[in-house]
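Heads up: the structure comes next, in structure tokens.
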Amino acid sequence: MIMGSNMAECHPVAFRWVMKAKETGAKLMHVDPRFTRTSAMADIHAPIRAGTDIVFLGALVTYIIGSEKWNSDPFYKEYVVNFSNAATLISGDYQAPDDLDGLFSGFDPNAKRYDVKSWGYQREEALVKPTGEEKTYAEMVAARVPGRPKTDPTLQDPQTVFQILKRHYARYTPEMVENVCGCPKEKFIQVAETLLANSGRERTGAIVYAVGWTQHTVGVQFIRTAGIVQVLLGNAGRPGGGILALRGHATIQGSTDIPTLYHSWSGYINAADARKSHETLKDFIVTETVPTAFWSNTPKFVVSLLKAWFGDAATPENDFGYNSLPKITGDHSHMPMFVLMNQGGIKGFIAIGQNPAVGGQNAEFQRQSLGKLEWMVVRDYFETETAAFWKRPGVDPKTIPTEVFFLPAAHVAEGTGTFTNTQRLLQQHDKAVDPPDEARTDQWFTYHLGRRLKELYQGSTRPRDWPIQNLYWDYLNEAENAAWRIKDEPSADLIMREVNGYTWADKKLVPGFTALQDDGSTACGCWIYSGVYPAEGQNRAAQREADEWVSPKWGFAWPANRHIMYSRASADAAGNPWSERKKYTYWDSSKDSGAKDANGNPIIGAWVNVAGDAIDFPITKKPTATAKGGAEGVGLNFHDGASPAIMKADGKFWLFAPSGAVDGPLPTHYEPYESPVTNPVYKQQRNPVAKTWGVKGNPYHEMADAAKYPIVVSTYRLTEHYLSGTMSRWLPWLAELMPELFVEMSPELADEKSVHNGDWVTVVTARGEVEGRALVTRRMRPFTINGQTVHEIGIPWHWGYQGLASGDVTNDISALVGDPNVSIHEGKVFSCDLRAGHRSAPAPELHQKLLAQQTDSEMTLASLQCNDSLGEVCNA
Amino acid sequence: MPKGMFVDTSICIGCKACQVACKEWNALGEEPEHFDYAGGLPVKAKNFTGNSYDNTGALSATNWRHVRFIERGSSLEGNMAWYMMSDSCKHCAQAGCLEVCPTHALMRTDLGNVVVQQDVCNGCRACIGACPYGVISYNKQTGRVNKCTLCDDRIQMGLETACAKACPTDSIVFGEVDQLRVTARQRVQTLKQLGFAKAQLYGDTDVLGGLNVFYLLLDEPEVYGQPRNPQLPQRNLVPGSVWSIGAALLLGLSTLVAFRGRGVRNNGAAGKEA
């Protein structure tokens, strides 16, 4: 089931594998408001109104657990009771949206934030407590092992996760799907029956999603619902099952693994945060380490990371340089950064392979923000809209003080590096040719920028300059550059070694993250990548040996080359494969594990994998192993032998999320932030903790505006162009494939607006106007929601004022509003109006008009409130 | 054994990688009509057609792959279909262009593909009318015609065509035509079993002696803009000539008969008066 994704158009090469699956009999379903090139390949297309995915998926939950198959085939209960937290008891203080008009217990309406305590597990008394006497990190972690969660394996107790889940989705029925999503009941049932038919011991099904799910104010919750569905169906950790999260660009997976994200350190460790108990390294470790999961090793990953950053300058005495590190103080992600920039709070900006002038929400707002900078550096292949913002249509360059530097970037074939793609696979690509003239790779730029900064800061005595001064920055290997024109290119090989990790003293590569230490003897740039380069001459990212199935010798899948995570779940509670057909990881009681016990005798009994995939479950841990508690229950010892999810504190797949999501433990339908439809499911209209910025220039549509902006709009991508068009609209043979911006609409809407195919139309929101050519097509359709007709249009967002294929910037009409967990913008659904004809004025002029109109009294109280969950950036 | 391509439109996702790969490998450049130019360089693309996702429109001397998009049915009625077909030269076993070329610029190589030798073609354009598919086209800049060569420079070296290599779903497969036909026929059966009642091959041995680039379609050829039973104009040469000459003779004889009487009458009148 492909949902929240247009895989054939946006991931055409990966879609190859979907087509191969179809050839061997797999059923393909596409759930989407539009009929796209993916739908054309699907066996079933289920149309839904944009933003109503939780209703559809929630109704799947109810359908599945109410079905005859789920209740009569013992597989499902065995899988769910053993491998998920279905049996866990939740706090008696928990109250559900059905009790509270759509809110969960713990909501603070003033802070616009949830206190998650009432969502927590009921627990036994903890067997240990920290005394403050603990010396080593290991001791500190062991002292914090919590009490065991209480469970009812019969699933009868009303406080079990299972019963709470059942009650929560009881109202989500096929009828609700028809009324709220606008999807015919029969279509929904077809999808549900297909998923059920392809589950169980002998069959599995996969769910695929992309930014059609993430770019919503309830994006994380969409994905959570899919997770619940997959666990209920027994698809997690099994071949052909699971959830494939399609990332948005090549190697954006890599750019969150070794992050360009403000809130994350390598390997998904939270960044040091001034608002948390992160004062010292000890505080950080104690606060961040989850004692009863594989994360209990966090101290080793953190210290090794600090050692990689500061090398010899990182010592136990100075807490490995931790105290000198800057700490985050709020949400520093893209949207609030541009709000701050708009207010003059940011002096300089470096845009590397990024084009916010087109890709940013409320794009004219973002272009105006760029005009408040003192300086900006843009690195790209072409003079992007961001690089040229100061001479865009409707603007007099003389009015813009920003000094803009445009540096040419090298192309991917002009440097050596790795891509980490959507299935966590690292693949190296080698330099084929030197970049021309002064174009340079991103690593060349970053390396030399760091080198020059270090030189500039050399004499400083300010403590805040310690990190730059002491950065370990030895990445040149001149021998590698001998054959090339550019002699000062940093060595991808040296960088890879550091990423893999080595013992510091001798720089000997470590075989994997289990070799990392918390005493400064090892350095590792990214613990989840450790093992990619385990020994001399063994760069596994560069290996290219394929087989007919998992191909473990092709590239390296983090962590530890595990292709399917949590594959313990592909065997039953006793460790036997669920079926011969779906055999993957299972317990072989007679196998010599290769390990020896204390007396030197071989340990017999091990988990094995039929495809040569790496297993993330402890190899010699028996399927019937009992769980330990107290000081003995550190890490995976806390989990019993039937706990596949080694990274979760209780080892189980979470149907109910007691923590981790700030907007609720169970996904709940809220309407998109802007919607012409009053939430038919709960009184609470929108996500109560959605991130908003009620600043001038960023007005939202409230429910009172529904008549003014009655049309639902979605923005998306096409195969022919790349994101903001920076790589495609400049090439003639790509520009001519999709030369102009268009607006897809149904014949019904076209009739209503007296628009013919090919006519110019203008789409209008409170933020601005965008003009494009009408593409009237039967692939778009109106929806009937609770008896009312709701029209939907779709607009690709690739165009801008530069390049050979130029056009309006679609994002001129979207707003700065986002998901509260991860600050991703809600670009997939908002409201608008449409009229025949051209735009009334260029974007800068429209924006000035908007600012003039927006007196404080005109902005509603709701939109004046800034809520970025930490309330930092909002001075309106 | 002729080489060719099997194009399975049932797994074509309309990505146009084939179009772009072809342009890049053959250094064909952009379509001049698609752009405004300044200083000899393209500055603005202006070829939006409003015809589904097809802004290419047609094959030309510098565009040798053209993905067609055919929308059928309605999303509102739940019977929407969107056919995608990557059109190109069919390298017909009975190639109309080849047959009429007066200079033998058009030739068939030992691999069965039909190519235009650019240094021989004189731009007479006789071939354009002879192609039932509108493939071969005139290039105003070079004064010659051109079309898909089946990547002659690649396949003569044992490589596959650029479009086949680029196609992400293996919708385009290059190989021995006889072997491709075996796979293709099996695929039609599979699709029929899956409920695609109208799945059919186009260009198996029945069309123009067989097309070396042949297709699997999910509906009738007309739906894809292909002639069901294409005829080569020159096949009509003998009957056409017989009819033309016969008609000319008949017309000539009728004229003679019609005006014969008038001449005699005039002469008679003149004789009587004199």
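The values are calculated or read from the model by the stated rules, or taken from the named source; none is laboratory data. Since this is a predicted model, take the numbers as computed values, not measurements. Heads up, the Cβs are rebuilt from the backbone with ideal geometry, glycines too, and the neighbour counts pull from every protein chain shown. For accessibility, only protein heavy atoms count, side chains too; no ligands or nucleic acids. Shrake-Rupley method; radii C 1.70, N 1.55, O 1.52, S 1.80 Å.
Things to note:
- Whole-Hz Karplus values for region A:140-150 come out as 4, 5, 4, 6, 10, 5, x, x, 6, x, 7 Hz, taken residue by residue from phi with 6.51 cos²θ - 1.76 cosθ + 1.60 and θ = phi - 60°; glycine and proline positions read x.
- Listed by chain and number, the aspartates and glutamates whose C-alpha is less than 17 Å from the C-alpha of A:K112, apart from same-chain residues fewer than 8 away, are A:D101, A:D331, A:D663, A:D819, A:D868, A:E872.
- Two-decimal Rg to Rh for the protein assembly as shown - Kirkwood Rh, Cα set: 1.02
- Dipole magnitude for region A:123-266: about 100 debye, using +1 per Lys or Arg Cβ and -1 per Asp or Glu Cβ, origin at the Cα centre.
- Put a plus charge on the Cβ of each Lys and Arg, a minus charge on the Cβ of each Asp and Glu, and nothing anywhere else: the dipole of region A:710-835 about its Cα centre is then about 200 debye.
- Only alpha carbons enter this Debye calculation for region A:79-147, each as an equal point scatterer, and the log10 of I(q)/I(0) it gives at q = 0.11, 0.16, 0.21, 0.27 Å⁻¹ is -0.48, -0.81, -0.94, -1.09.
- Solvent-accessible area buried by pairing B with A, both sides, nearest 100 square angstrom, 1.4 angstrom probe: 3600
- Both radii are taken from the alpha-carbon atoms of region A:257-356; with Rh as the Kirkwood radius, Rg/Rh is 1.02.
- Summed residue charge, Cβ within 15 Å of B:Y138's Cβ, Lys/Arg positive, Asp/Glu negative: +2
- Antiparallel bridge percentage (DSSP; both residues within the protein assembly as shown; nearest 5): 65
- Solvent exposure of A:V303, expressed as accessible area, is near 0 Å², computed with a probe of 1.4 Å over the protein chains only.
- In Hz, Karplus ³J(HN,Hα) per residue of region A:238-255 (6.51, -1.76, 1.60; θ = phi - 60°; x = Gly, Pro): 10, x, x, x, x, 10, 9, 8, 6, 7, x, 9, 4, 6, 5, 4, x, 7
- Region A:693-801: equivalent-ellipsoid semi-axes (sqrt of 5 x gyration tensor eigenvalues, Cα, Å): 26, 20, 12
- 30 Å Cα-Cα threshold exceeded, pairs from A:K300/A:K553; B:K23/B:K192; A:K454/A:K553; A:K20/A:K691; A:K683/A:K849: B:K23/B:K192; A:K454/A:K553; A:K20/A:K691; A:K683/A:K849
- Dipole in debye (nearest 20) - chain A, about Cα centre, beta carbon charges: Lys, Arg +1; Asp, Glu -1: 960
- Threshold 40 Å², region A:752-801 residues less accessible with all protein chains present than alone (1.4 Å probe): A:L775, A:R778, A:R779, A:R781
- Rolling a 1.4 angstrom probe over region A:199-270 with all protein chains present gives an accessible area of which 60% lies on carbon and sulfur atoms.
- Once the C-beta distance of A:K276 and B:N122 is scaled by a Förster radius of 60 Å, the resulting FRET efficiency is 0.15 to the nearest 0.05.
- Whole-angstrom gap from region A:356-373 to region A:739-776, using each part's C-alpha centre: 24
- Local net charge near A:R485, Cβ-Cβ under 12 Å (Lys/Arg +1, Asp/Glu -1): -3
- Checking the cross-link pairs A:K150/A:K652; A:K77/A:K583; A:K596/A:K621; A:K391/A:K696 against a 21 Å limit on the alpha carbon distance flags A:K391/A:K696 as lying beyond it.
- Buried on complex formation within region B:78-119 (loss of at least 10 square angstrom of accessible surface versus the isolated chain, 1.4 Å probe, ligands and nucleic acids ignored): B:G78, B:M80, B:W82, B:M84.
- Take the Cα radius of gyration of region A:424-488 and divide it by 2.2 N^0.38 Å, N being the number of residues; the result is 1.43.
- Sequentially through region A:219-229, phi angles give Karplus couplings (6.51, -1.76, 1.60; θ = phi - 60°) of x, 4, 6, 4, 5, 4, 5, 4, x, 4, 4 Hz, Gly and Pro residues having no value and appearing as x.
- Helical mean residue ellipticity (222 nm; -39500 (n - 2.57) per DSSP H run of 4+; nearest 500) of chain A: -6000 deg cm²/dmol
- Distance between region A:128-195 and region A:388-457 - C-alpha centres, whole angstrom: 44
- Region A:811-845 and region A:34-63 have Cα centres spaced 24 Å apart.
- Among the DSSP helices (H) of chain B, those spanning at least 15 angstrom by Cα along their long axis with an average Kyte-Doolittle hydropathy of 0.5 or more are B:237-273; this is a geometric and hydropathy rule only.
- Neighbourhood net charge (11 Å Cβ-Cβ; Lys/Arg +1, Asp/Glu -1) for A:L195: +2
- Straight-line cross-link partners of B:K16 among the aspartates and glutamates, defined as a Cα under 16 Å from its Cα and at least 8 positions apart when in the same chain: A:E9, A:E720, A:E736, B:D8, B:E24, B:E30, B:E31, B:D54, B:D87, B:D170.
- Dimensions of region A:6-89 from C-alpha coordinates, computed as largest minus smallest value along each principal axis and given longest first, are 43, 31, 22 Å.
- Accessible area (Å², 1.4 Å probe, nearest 10) - A:I252: 40
- The ratio of the alpha-carbon radius of gyration of region B:147-261 to the globular-protein estimate 2.2 N^0.38 Å is 1.73.
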